[in-house]
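*Asks:* Handing you a structure now.
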Amino acid sequence: MGASSVIGTLAGVAIAALVTGCIIDDSSSGGSSGYAGGGSSGSGGTPSGSSSGGSVQPMLVDVDPNQTMNATPGDGVGVFVQYKTGGHWNVWWTCDTNKTGETCSFDNVVSVSKGTITNVVSMSPSLAAPGVTQSAPGTFEAQTNTSTGVDGVTFDTPLTSGDVPVITLDAKVNGQDNPGWLFFVQGGEINGGTHDTLTDPLMFEPSTP
């Protein structure tokens, strides 16, 4: 995968890193902070940090509500998970076509721990084929061949017993799992500001004050 050098400022610390440049836009305060992170698409080989087979027990992480991330489509591989208060989710993804000249084959499956997933809406024409399929009320699958655009879906998870159900995302790129492609906002920072190893699949729940 190609990489782009990104310099951002987060909590007063200058960060220089390679690969996907991601900016947090705090819609609740109007502020923003920069961060860089990412992983390799592994075109022609096994991605770094990818699972080598067998079952993986998904890790559970908190997602800050009402935060958005921005990344330059085509400059890096990433699957981004955002949550808006009220049970509204946005999962979107990008490829590194600007660097490799190749597309990324995404196969993303989302499911809920309980209840249903409703109002599944594609964000781009790329989802027209193969597209989004919902085989059961509590899960859906989105498949795209992504290049220099942004593909993704929005969906709702209605409250169950007053709580937002936990969602599980299994994100595959070119048939491979790789937690290094997964991004979310926790504690006002990308992936909570940690470089600890995540899992793919990964479970998400909204954080509480």
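*Asks:* On the basis of being within 30 Å of ASP75 (Cβ to Cβ), of a type in the set (A, V, I, L, M, F, W, C) and either surrounded by fewer than 17 Cβ atoms within 10 Å (Cβ to Cβ) or in contact (Cβ under 8 Å) with a residue 40 or more places away in the chain (or both), does VAL153 make the cut?
*Replies:* In short, yes.
*Asks:* If you don't mind, there's one more thing I want to ask. Considering only the range 140-150, state which residues are open to solvent by 30 Å² or more (accessible area, probe 1.4 Å) and closer than 23 Å to ASP62 by Cα.
*Replies:* Within the range 140-150, just GLU141 meets the criteria.
*Asks:* Scan (1) under 17 Å from THR94 (Cα atoms); (2) touching a helix residue (DSSP H, G or I) at 6+ places or on another chain (Cβ under 7 Å); (3) surrounded by 22 or more Cβ atoms within 10 Å (Cβ to Cβ) for the single condition LEU202 breaks and write down its number.
*Replies:* Against the list (1) under 17 Å from THR94 (Cα atoms); (2) touching a helix residue (DSSP H, G or I) at 6+ places or on another chain (Cβ under 7 Å); (3) surrounded by 22 or more Cβ atoms within 10 Å (Cβ to Cβ), LEU202 comes up short only on (1).
*Asks:* Of all residues in the range 171-196, how many are open to solvent by 40 Å² or more (accessible area, probe 1.4 Å) and within 22 Å of CYS104 (Cβ to Cβ)?
*Replies:* Adding up the residues that qualify gives 4.
*Asks:* Give me a count of the residues in the range 155-197 that are in contact with a strand residue (DSSP E or B) (Cβ under 6 Å, 6 or more places away or on another chain), part of a loop (DSSP other than H, G, I, E, B) and either among the hydrophobic types (A, V, I, L, M, F, W, C) or at pLDDT below 90 (or both).
*Replies:* Within the range 155-197, residues that are in contact with a strand residue (DSSP E or B) (Cβ under 6 Å, 6 or more places away or on another chain), part of a loop (DSSP other than H, G, I, E, B) and either among the hydrophobic types (A, V, I, L, M, F, W, C) or at pLDDT below 90 (or both) number 3.
*Asks:* Could you list, in sequence order, the residues of the range 53-70 that are touching a residue at least 24 places away in the same chain (Cβ under 8 Å) and out of contact with any Phe, Trp or Tyr (no Cβ under 7 Å at 6 or more places or on another chain)?
*Replies:* VAL56, GLN57, PRO58, MET59, LEU60, ASP62, ASP64, ASN66, GLN67, THR68, ASN70
*Asks:* Can you find even one residue in the range 132-145 that is under 29 Å from SER207 (Cα atoms), of a type in the set (Val, Ile, Thr), at pLDDT below 95 and part of a loop (DSSP other than H, G, I, E, B)?
*Replies:* No.
*Asks:* For the range 100-127, which residues satisfy the criterion of being open to solvent by 10 Å² or more (accessible area, probe 1.4 Å) and under 18 Å from GLN176 (Cβ atoms)?
*Replies:* Selection gives THR100, GLU102, THR103, SER105, ASP107, VAL109.
The values are calculated or read from the model by the stated rules, or taken from the named source; none is laboratory data. Quick caveat: nothing in here was measured; it's all calculated off a predicted structure. Quick reminder, even Gly has a Cβ in these numbers, built from the backbone with ideal geometry, and neighbours come from all protein chains shown. With ligands, DNA and RNA removed, areas are computed over all heavy atoms of the protein, side chains included. Shrake-Rupley method; radii C 1.70, N 1.55, O 1.52, S 1.80 Å.
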